[in-house]
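Accompanying notes for the structure given below.
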Amino acid sequence: MTSHLERSHSIVLSGPVDRVFPLFTPIGETLWVDGWEPEFLHPQGGETRQGMVFRTVHGSETTLWACADWDPTAHRVRYVRVTPDSRFGFVDVACRSAADGSTEASIAYTFTALNRAGESYLSTLTEDAFAQMIETWKVRIDAWLLTETSAGASHR
């Protein structure tokens with residue numbers, strides 16, 4: 001069984017970095033992730049900043065999150081997350097502008113299993129499975145960016 005793993009994958013998103021990077025904040029993710037409903041513990045308004053703490057529930061799992069590093073100028077964020085009945089992890093997102101006006105987003109997860117349930121979860125998160133998960137993010141984010149661009153154009 002796997003007790004620790006690191007995975008990373010990069011995607012190119014169809015929007016400028018200043019529009020794309022905020023989509024990797026807890027509030028930003030509500031725009032493109034079905035069922036993502038963070039409960040903000042600090043600050044209660046959900047402003048992303050170093051030290052923020054929030055909770056998510058997915059199925060029967062509750063995960064506690066904290067923002068450990070927030071650098072919006074450099075378009076980088078690091079979250080610490082713990083699913084107490086399973087695993088502890090870090091999520092790192094770094095975005096940078098591409099020459100054509102798109103954004104390259106690099107997403108890295110580091111997980112440590114806390115028990116057998118965590119080891120079981122980690123064993124399913126193969127390199128291919130992780131890459132496929134992040135590629136679905138690309139599809140969802142690009143679809144949201146396209147919808148927002150179209151909506152903005154129709155309001156002018």
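Okay, residues lined up against (1) free of Cβ contacts under 8 Å to residues at least 40 places away in the same chain; (2) surrounded by fewer than 14 Cβ atoms within 10 Å (Cβ to Cβ); (3) closer than 19 Å to residue 12 by Cα:
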position: 43; (1), (2), (3): yes, yes, no
position: 49; (1), (2), (3): yes, yes, no
position: 58; (1), (2), (3): yes, yes, no
position: 115; (1), (2), (3): yes, yes, no
position: 121; (1), (2), (3): yes, no, no
position: 128; (1), (2), (3): yes, yes, yes
position: 138; (1), (2), (3): no, no, yes
position: 147; (1), (2), (3): yes, yes, yes
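Any idea which of (1) surrounded by fewer than 18 Cβ atoms within 10 Å (Cβ to Cβ); (2) under 18 Å from residue 107 (Cα atoms); (3) in contact with a helix residue (DSSP H, G or I) (Cβ under 8 Å, 6 or more places away or on another chain) is the one residue 73 doesn't satisfy?
The number of the failed condition is (3).
Limited to region 80-103, what total is found for residues that are charged (D, E, K, R), within 18 Å of the chain's Cα centre (by Cα) and either buried (at least 16 other Cβ atoms within 10 Å of the Cβ) or part of a loop (DSSP other than H, G, I, E, B) (or both)?
So the answer is 3.
If we scan region 6-27, do we find a residue that is crowded, with 18+ Cβ neighbours inside 10 Å, of a type outside the set (Val, Ile, Thr) and free of Cβ contacts under 8 Å to residues at least 40 places away in the same chain?
Yes, region 6-27 contains at least one residue that is crowded, with 18+ Cβ neighbours inside 10 Å, of a type outside the set (Val, Ile, Thr) and free of Cβ contacts under 8 Å to residues at least 40 places away in the same chain.
Sort out which residues of region 19-44 are farther than 14 Å from residue 67 by Cβ and over 16 Å from the mean Cα position of the chain (by Cα), and write them in order of number.
44
Any idea which of (1) more than 22 Å from residue 18 (Cβ to Cβ); (2) of a type in the set (A, V, I, L, M, F, W, C); (3) crowded, with 17+ Cβ neighbours inside 10 Å; (4) over 12 Å from the mean Cα position of the chain (by Cα) is the one residue 53 doesn't satisfy?
Residue 53 satisfies every listed condition except (3).
Before we move on, is residue 30 among the hydroxyl-bearing types (Ser, Thr, Tyr), out of contact with any helix residue (DSSP H, G or I) (no Cβ under 6 Å at 6 or more places or on another chain) and either surrounded by fewer than 18 Cβ atoms within 10 Å (Cβ to Cβ) or closer than 27 Å to residue 148 by Cα (or both)?
Considered against the rule, which asks whether it is among the hydroxyl-bearing types (Ser, Thr, Tyr), out of contact with any helix residue (DSSP H, G or I) (no Cβ under 6 Å at 6 or more places or on another chain) and either surrounded by fewer than 18 Cβ atoms within 10 Å (Cβ to Cβ) or closer than 27 Å to residue 148 by Cα (or both), residue 30 comes out as yes.
Quick note: the coordinates plus some simple rules give every number you see, no bench work behind them. This structure is a prediction, so every number in the text was calculated from the model and none was measured. For neighbour counting, all protein chains shown are included, and Cβ atoms are generated from backbone atoms with ideal geometry for every residue, glycine included.
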